[in-house]
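**Q** Below: one structure in structure tokens.
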Amino acid sequence: MNPPIRDLMDQMYPKTFYRNFEEVPCPSDQNSTWLCFEVETKNPAVSFHRGVFRNQDPLKTPCHAEVCFLTWIQEVLTPDHHSQVTWYVSRSPCTSCANLIVHFLAMHRRVTLTIFAAHLNRFRESDYQQGLLRMDQEGVQLHIMGHKEFEYCWDNFVYNQRKQFVPWNELNENCEFLVPKLEEILRSPLDRISQKEFSIHFRNRPRAYEKSIWLCFEVETTKSRVTIHRGVFRNQVPPKTPCHAEVRFLTWFQEVLSPDLHYQVTWYISWSPCADCADLVADFLAKHRNVSLTIFAARLYYHGDPEMHRGLHRMYQEGPMWTSCLL
């Protein structure tokens, strides 16, 4: 990742800001992206960076604003200190940029990233949705820009000549449209797990230090025996509200299941459920008698803990079939 030209600007012109950040659900220009950023590092002295990147046009070596930023930050990043990065982008990252962001954060565990987006880039397309999900799974805080964020950008990233920010018509209405769209996307499962993540998390060693939980699932109707849903959840970790993969699946599944159908659910999970999740699974199956569950576990979670034994036993009594998955 080393684009030959990286145009870092201090601020943008007001006309540029309004043309690119004016919040409409489906902007016609899908090619121009502006990225305003702040980087704060405490070490214990505080260092602070602020600036603006934009897509590099075809007259130069084409390069998305996100890639320009990631190249730049690796030159100023202090690897042994925590850095908080905040982006205000005219549109959410494309699929390729989302994958690069995920890779960057996986390699720089001391960096946290918050993204405020004025537009959701091609949010109806599956690949773009999966890009947002991958970033969310990696811990990126994703938000839609509202009046407060637009005004903040105007005050800090625009040559505003001391003029106040003037919101455009339907700013609030468009935000109200995009916020639930983003929430809906982030509730969905990933399509697949990467080869690297699979190799790390599904090795069936008796002992392992990696406690991230990945849950691959298939949902069939018992009448047709046709897979109607397939995907992957992982546990949600700080800075988000912690939530285990099993809970994320159950929350999602309750939104899609029908009381008139019988379901066969199969899990392939990197760790067996903890005691709390086992209780939730048992309660779910007791309430939804039209659902049967088969679990293949790569490893047993704290298998020497009596509380884990109790949880697994209660869940087993409620009906799921259990198999130790040898990979």
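The values are calculated or read from the model by the stated rules, or taken from the named source; none is laboratory data. Here the structure is a predicted model, which means the values were calculated and not measured. With ideal geometry, Cβ positions are generated from the backbone for all residues, glycine too; neighbour counts draw on all protein chains shown. Ligands, DNA and RNA are stripped out before the accessible areas are found, and what is left, the full protein with its side chains, is counted by its heavy atoms. Shrake-Rupley method; radii C 1.70, N 1.55, O 1.52, S 1.80 Å.
**Q** Once label points are set 7 Å from the Cα along Cα→Cβ at both E75 and E218, what is their separation, rounded to one decimal in nm?
**A** Distance between the two pseudo-spin positions: 5.0 nm.
**Q** Right, next: Modelled label-to-label distance, S96 and R314, 7 Å Cα→beta-carbon offset: nm?
**A** A separation of 5.1 nm, rounded to one decimal place.
**Q** Considering all projection directions equally, how large on average is the shadow of the alpha-carbon convex hull of the chain, in square nanometres?
**A** Over all viewing directions, the chain projects a mean Cα-hull area of 20.2 nm².
**Q** Relative contact order of the chain: what whole-number percent is it, with Cα pairs under 8 angstrom and at least 6 residues apart?
**A** 13 percent
**Q** Please give the helix 245-256 orientation as an angle from the longest Cα principal axis of the chain, in degrees from 0 to 90, rounded to the nearest 10.
**A** 90 degrees
**Q** Moving to a separate point now. If you roll a 1.4 Å probe over the heavy atoms of the protein chains, what accessible area per residue do you get for the stretch 253-304, in Å²?
**A** 44 Å²
**Q** Using the Cα centre as the reference, give the magnitude of the dipole from point charges on the C-beta atoms of the chain (Lys, Arg: +1; Asp, Glu: -1; all else neutral), rounded to the nearest 20 debye.
**A** Here the size comes out at about 740 debye.
**Q** Stretched out fully, how many nm does the piece from T114 to H229 gain, at 0.36 nm a residue minus the Cα gap? Before the final figure, lay out each step's value.
**A** Values: separation 115, 0.36 × 115 = 41.40 nm, distance 3.04 nm.
Gain in length upon complete extension: 38.4 nm.
**Q** According to a simple spin-label model (label point 7 Å from Cα along Cα-to-Cβ), what is the distance in nm between N43 and K287?
**A** 4.9 nm
**Q** Kirkwood hydrodynamic radius for the stretch 38-169: how many Å is it when counted over pairs of different Cα atoms?
**A** 15.9 Å
**Q** Pull out the extension gain between M107 and D155, defined as 0.36 nm times the separation in residues minus the alpha carbon to alpha carbon distance; nm, one decimal.
**A** My answer for the length gained is 14.0 nm.
**Q** So, R0 is 41 Å and r is the distance between the beta-carbons of H262 and R187; what FRET efficiency does that work out to, to 0.05?
**A** The value I calculate is 0.95.
**Q** Could you count how many Lys pairs in the chain have their Cα atoms under 29 Å apart, skipping same-chain pairs fewer than 8 positions apart?
**A** So the count of such lysine pairs works out to 16.
**Q** In the chain, carbon and sulfur make up what percent of the accessible area (probe 1.4 Å)? Kindly include the intermediate steps, with their values, before the conclusion.
**A** Details: 8900 of 17330 Å².
After summing per-atom areas, the C and S share lands at 51 percent.
**Q** A further question follows. Taking Cα atoms, how many degrees apart are the long axis of helix 126-137 and the longest axis of the chain, rounded to 10 and kept between 0 and 90?
**A** 80 degrees
**Q** Next up: Mind jotting down a quarter of the surface of the convex hull over the alpha carbons of the stretch 99-181, in square nanometres, one decimal?
**A** Directional mean of the projected Cα hull area for the stretch 99-181 stands at 6.8 nm².
**Q** Follow-up question, since we're still on this one. Could you give me the radius of gyration and the Dmax of the stretch 143-212, taking only the C-alpha atoms into account and expressing both in angstrom?
**A** 21.4, 64
**Q** Still on this structure, please answer the following. What three numbers, in Å, describe the spread of the alpha carbons of the stretch 95-140 along their principal axes, ordered from the longest?
**A** Computed over the Cα atoms, the extents are 32, 19, 14 Å.
**Q** Roughly what angle does helix 275-287 make with the longest principal axis of the chain, taking Cα atoms, 0 to 90 degrees, to the nearest 10?
**A** 70 degrees
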